[in-house]
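Below: the structure, in structure tokens.
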Amino acid sequence: MSPLCLLLLALALVAVPGARGACPVPADLKKSDGTRTCARLYENSDPYYDNCCQGPELSVDPGTDLPYLPSDWSNSASSLVVAQRCELTVWSLPGKRGKTRKFSTGSYPRLEEYRKGIFGTWAKSISGLYCKCY
């Protein structure tokens, strides 16, 4: 195989959409005391997956119902991770109004890749949430 083919193959494997980047594995979402975390939101994302899931973070416990996110978190999340056997439902407007989406177990390093209607994305668009675990 030529060196060019090997280089292209390596680049294709690295640039796969949906790659985890710097995001934690969903099974690793736990507090320092070992108790379960339902989801974790991050303020920063980046065109490079390795730089996503960084910056300030908001940990969400199972059963958390926040129709109004704290003012410093409303419309600021750009990455998120949902723990195993959990589901995060988000709303685009405060009071559980506007567009809604459910995120199942997994890492979502770039919310810019998830459409919210025709013209928008979920990056910096989350104003309310509910997280449940099974």
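Highest mean packing first, where packing is the average number of other Cβ atoms within 10 Å per residue, the peptides 117-129, 73-85 line up as 73-85, 117-129.
For residue 64 and residue 124, a Förster radius of 22 Å and the Cβ-Cβ distance give a FRET efficiency of 0.65, rounded to the nearest 0.05.
Each of the peptides 33-46, 54-67 was scored by the mean count of other Cβ atoms within 10 Å over its residues; in descending order, highest first, they stand as 33-46, 54-67. Taking K and R as +1 and D and E as -1, what net charge do the other residues with C-beta under 14 Å from the C-beta of residue 41 add up to? Result for the neighbourhood of residue 41: 0.
Multiplying the residue separation of residue 101 and residue 72 by 0.36 nm and subtracting their alpha-carbon distance yields 8.3 nm. Residue-wise HN-Hα couplings along region 120-132, as the Karplus relation 6.51 cos²θ - 1.76 cosθ + 1.60 with θ = phi - 60° gives them from phi, are x, 10, 7, 5, 6, 10, 8, 10, x, 7, 9, 10, 10 Hz; Gly and Pro carry x.
Evaluating kT/(6 pi eta Rh) at 37 °C and 0.692 mPa s, with the Kirkwood radius of region 21-133 over Cα pairs in the Stokes-Einstein relation, gives 240 µm² s⁻¹.
Read the figures in this text as sums done on the coordinates, not as results from a lab. Because the structure is a prediction, the values reported are computed rather than measured. No Cβ is skipped: glycine too gets one built from the backbone with ideal geometry, and neighbour counts run over all protein chains shown.
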